[in-house]
Amino acid sequence: MVGESFRGKIDNSFNKILTPEQLDSLLDAIRLMQQALTLEADHDFKNLQGRKEYFHQFVTHHSSELLKFPLPVDRKESLSEIVEKFRIYSSTSHSMRRRMVIDFRRALNRLAKDIQPQEPISPPQLRHQPKAGDFNSLNRSGESLGLHSPISILKGIGPKISEKLSNIGILTIYDLLHHFPRDYVDYSALRRIETLKVGETSTIVAKVRRSNGFTSPKNRNLSILELQLEDQTGRIKVTRFFAGRRFARSGYIQSQARLFSPGATVAVSGLVKQGNYGISFHEPLIEVMENPSSPIKSENIGRLMPVYSLTEGLKADRFRNLIKSILPVTRKFVDPLPLVTRKSLDLLSKSDAMFQIHKPDCNELLKAARRRLVFDEFFYLQLGFLMRRSELRRSSAPTLSQSYQDDSLVDKFFRLLPFSLTSAQERVLSEIYGDISGSKPMSRLLQGDVGSGKTVIAIAALLEAVQSGWQGAFMAPTEVLAQQHYKTLCRWLPHLHVTVELLTGSSSSTRRRQVMNDLANGSLKILVGTHALIEDSVNFSRLGLVVVDEQHRFGVHQRNLLLHKGLQPHLLTMTATPIPRTLALSIHGDLDVSQIDEMPPGRTPVETRILSDAQRHEAYKLIREEVSLGQKVYVVLPLVEDSEKVDLRSAVMVHKELSNDIFPDLHVGLLHGRMKSIEKKSIIEEFATGSCQVLVSTTVVEVGVDVPEASLMVIEDAGRFGLAQLHQLRGRVGRGSARSYCLLINTSSNSLAKQRLEVLVRSTDGFEIAEIDLRLRGPGQVLGTRQSGLPDFALASLANDGEILSLARENAKALLEDDPRLVNHPKLHEHLKECWLKLSGNTHLN
């Protein structure tokens, strides 16, 4: 029988009829009886007298206890016959006593052996034959190649293959070696047949019992080789298929059968599967061994086999052979990392790590190789961030002295507010004041959930700049958000006689000229705008503070263009997207971080529910109820218009459906990013203050639309959004005193999709939600865009490698404390320049 276990022939019925407690008690009873029998034998079978009874009485008395256990019938009968003889033990001959004791000891030994678990048979051992290309036995094949040699000089690489490789960014040997495996097939798990598990990749060493080669009766071009294999623990059938006319000849398949002749030792690797006749291997790799202790010649059997991301026309085996041919070149890597750092952190050398990542000798070395290369990526990124921060600190910035007078702009502003600052806002404001009152440029990130009060902090900081005789800039990523900020500032600043203007791409040329003049002559104190602020024609008279909202939506280069419009203005960046620590260090490693971790009093908790597609009518019912109470409703969708590629409801389609069929008596508006600025502004005004009751929108409402009367948000196809983005969208409701709701319509049948959305139902902690989103969907989804200055990591994972990131930052800090400009580490400095642009998302130093 295929997959049969030889050890199954042992009587395991005890495990079925006795509980673990009964088995332990039975073993104790056996040991007690064996001790008595051994003592009797040591005293020459004299029927020893104890304190209470003679030996034969002890045996008959305690054996009755032993026979009370529910033993198999044949065992119980055999023991009963032996015990019965001990009743005449005292009156029988010496030789008969000896025989009775020996028989009873043997019976008890057999019983103990059968019920005690056997020690597992150790897995087989494999040795791999060293190859000429192995790291410790390099030959001259690598001598003529350099790290920057073009791949075209490699044997077998013609123009077509070169073009295919260039499509995945491989032009040189260096590029090829840095095309790391995306995964590994682990054939290194050596198993006995009995211990094979379905779904695991494993390797066995076994003997051939029978081999049979034949052509498939259903396909004459398919030949089949069947092997019956066995080891000490069981048997298994392994089948190998040969497709193609060249394998169809009877001579070929018979030669294969002879190669695997009965008695031959073979090593087999593959994915263990369950077949009709027991377990077997899927597409097994098989090699005949000279003897069980002979080394394996195969590059894959019993090893970790790398799997690479490839393009069409590149075959996996050919690519692996290509990598193998250049592995000797890994010894040419010069390690820029200081030896003392490598030793203190127990890191592999760069050469060893590059070799082992492509051809790992074992799992431990693979982990060590990955750890070294991940450390490198984080280390150079943090080194660049910290050096950029150090360079910035060497610049001079305007000193914006904090005004303590009762009539200061900031004090007047706070008196105008209908609320008091939270303790978190006061703490953050104190941190900002501490920065801007010095002569070194502030570079700070302010994090806080939607509605936590970041804008109030930004206004206070801008007023401090104006009070000190400087100008302020407030840049937002969209016109919708820029207009919202402008509207907010216009609510307060005219009372303080502080001028503020808005500049966007849709501003008229006349308006633009007026703003430019006022800005240049200093009469305009605060300018709010979008990317238009970084145009060459925009010139500030005395720019002292730059506030950038939703910073991750700008490239760092764009941010720097605005900073360069002043001597070296202070920088305050803000985000309503909670950013996990590892992600913050990777995109804002040069910034100090402040966090508003307290919501203002009066914010209504938003009740979040998940509805299925079939429950959409419940959402429509709640929409009508909320509108009847005078509240406003958002309906958010992932698409503007219908798409042939994805089966999702679009904003245009849903707007038509709601306004014509579901709510013909309500005013249903439509908002999306393709609309003209004037149209967007009009519909937002209508929704905020006018007749529009329901707003169908894309994620353009994610930031900047502030409507306190909005109490319900319905998000269609919620599974298409990241958790952090859903949390930010949810923040658009609950801004007033009315009870608020967020309904997530889940159209996916995937149970994992619903589990992911359940996170939002049970949690309102933005940072917890962002951490989970980072693990589930990656950093690009947490930030809501893939074009957000994210580092271009080859191996590092922000979700899983946080510990290495912390280690890298600590060591980068320590190194720069001793050598701020890396003067004593020229190789490290040179390597940092090479990799900085790639790692930092193509951003330059300030």
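The values are calculated or read from the model by the stated rules, or taken from the named source; none is laboratory data. Only a predicted model underlies this, so the values are computations on that prediction, with no experimental measurement involved. Methodologically, a virtual Cβ is constructed for each residue, glycine included, from the backbone with ideal geometry; neighbour enumeration extends over all protein chains shown. Heads up: the accessible areas ignore ligands, DNA and RNA and are worked out on the full protein's heavy atoms, side chains in. Shrake-Rupley method; radii C 1.70, N 1.55, O 1.52, S 1.80 Å.
Here are a few things to note about the model shown:
- Karplus-based coupling profile of segment 747-754, in residue order and whole Hz: 9, 8, 8, 6, 5, 5, 5, 5, with θ = phi - 60° in 6.51 cos²θ - 1.76 cosθ + 1.60 and x standing for Gly or Pro.
- 0 to 90° range, to nearest 10: angle between helix 454-467 axis and the chain longest Cα axis: 40 degrees
- Straight-line cross-link reach from Lys85 at under 23 Å between alpha-carbon atoms covers these lysines, not counting any fewer than eight positions away in the same chain: Lys46, Lys52, Lys68, Lys76.
- Between the beta carbons of Ser748 and Ile168, assuming R0 = 30 Å, the FRET efficiency works out to 0.45 to the nearest 0.05.
- FRET efficiency for the Thr499 to Arg342 pair, using the beta carbon distance and R₀ = 45 Å, is estimated at 0.20.
- Nonlocal amide H pairs with Thr172, under 5 Å, H built at 1.01 Å: Ile151
- With the convex hull drawn around the C-alpha atoms of the chain, the volume per residue stands at 299 Å³.
- Between Ser420 and Glu679, the modelled label-to-label distance comes to 4.8 nm, taking each label 7 Å out from Cα in the direction of the beta carbon.
- The chain: calculated mean residue ellipticity at 222 nm from DSSP helix runs of at least 4, using -39500 (n - 2.57): -12000 deg cm²/dmol
- Multiplying the residue separation of His178 and Glu607 by 0.36 nm and removing their Cα-Cα distance gives an extension gain of 149.6 nm.
- Taking amide hydrogens as placed 1.01 Å from N in the peptide plane, the amide H of Arg542 sits under 5 Å from those of Gln471, each at least 5 positions away in sequence or on another chain.
- Among the listed pairs Lys197/Lys350; Lys350/Lys813; Lys454/Lys621; Lys113/Lys197; Lys632/Lys754; Lys155/Lys827, those beyond 29 Å (Cα-Cα): Lys197/Lys350; Lys454/Lys621; Lys155/Lys827
- Straight-line reach from Lys160: taking Cα to Cα under 27 Å and skipping same-chain neighbours fewer than 8 places apart, the lysines in range are Lys315, Lys324, Lys359.
- In this simple spin-label model, placing a label point 7 Å from the Cα along the Cα-to-Cβ direction at both Arg393 and Glu657 gives a separation of 5.6 nm.
- Cα-based helix-to-principal-axis angle, 250-259 vs the chain, degrees rounded to 10: 70 degrees
- The HN-Hα couplings worked out from phi for segment 436-449 by the Karplus form 6.51 cos²θ - 1.76 cosθ + 1.60 (θ = phi - 60°) are 6, 7, x, 8, 9, x, 6, 9, 10, 9, 10, 10, x, 4 Hz, whole numbers, x standing for Gly and Pro.
- Less than 5 angstrom separates the built amide H of Ile296 from those of Arg127, His128, Gln129, all sequence-distant by 5 or more or on a different chain.
- Residues listed by number, segment 274-317, amide nitrogen under 16 Å from Leu222 label point at 7 Å toward C-beta: 276, 282-284
- Per-residue ³J(HN,Hα) for segment 794-810, Karplus 6.51 cos²θ - 1.76 cosθ + 1.60, θ = phi - 60°, Hz, x for Gly and Pro: 8, 10, 5, 10, 5, 7, 10, 10, x, 5, 5, 4, 4, 4, 5, 5, 4
- Length gained when the stretch Glu299-His94 is fully extended (0.36 nm per residue, less Cα-Cα span): 67.0 nm
- Remark: spin-label model distance Ser255-Glu84 equals 7.0 nm, labels positioned 7 Å along the Cα→Cβ axis.
- Order by protection proxy (mean Cβ within 10 Å, highest first), peptides 96-103, 469-476, 259-266, 584-591: 469-476, 584-591, 96-103, 259-266
- Using a Förster distance of 22 Å, the FRET efficiency for Gln125-Ser349 (Cβ separation, nearest 0.05): 0.15
- Charge dipole (Cα centre; +1 on Lys/Arg Cβ, -1 on Asp/Glu Cβ; no other charges) of the chain amounts to roughly 3160 debye.
- Lys/Arg +1, Asp/Glu -1 at C-beta; the chain dipole; positive extreme among Asn800, Ile82, Gly469: Ile82
- The listed residues Ser293, Ser763, once ranked by accessible area (1.4 Å probe) with the largest placed first, stand as Ser293, Ser763.
- Length released on extending from Asp792 to Asp74, taking residue separation times 0.36 nm less the Cα-Cα span: 251.3 nm
- Rounded to the nearest 20 debye, dipole of segment 568-697 from Cβ charges on Lys, Arg, Asp, Glu: 140 debye
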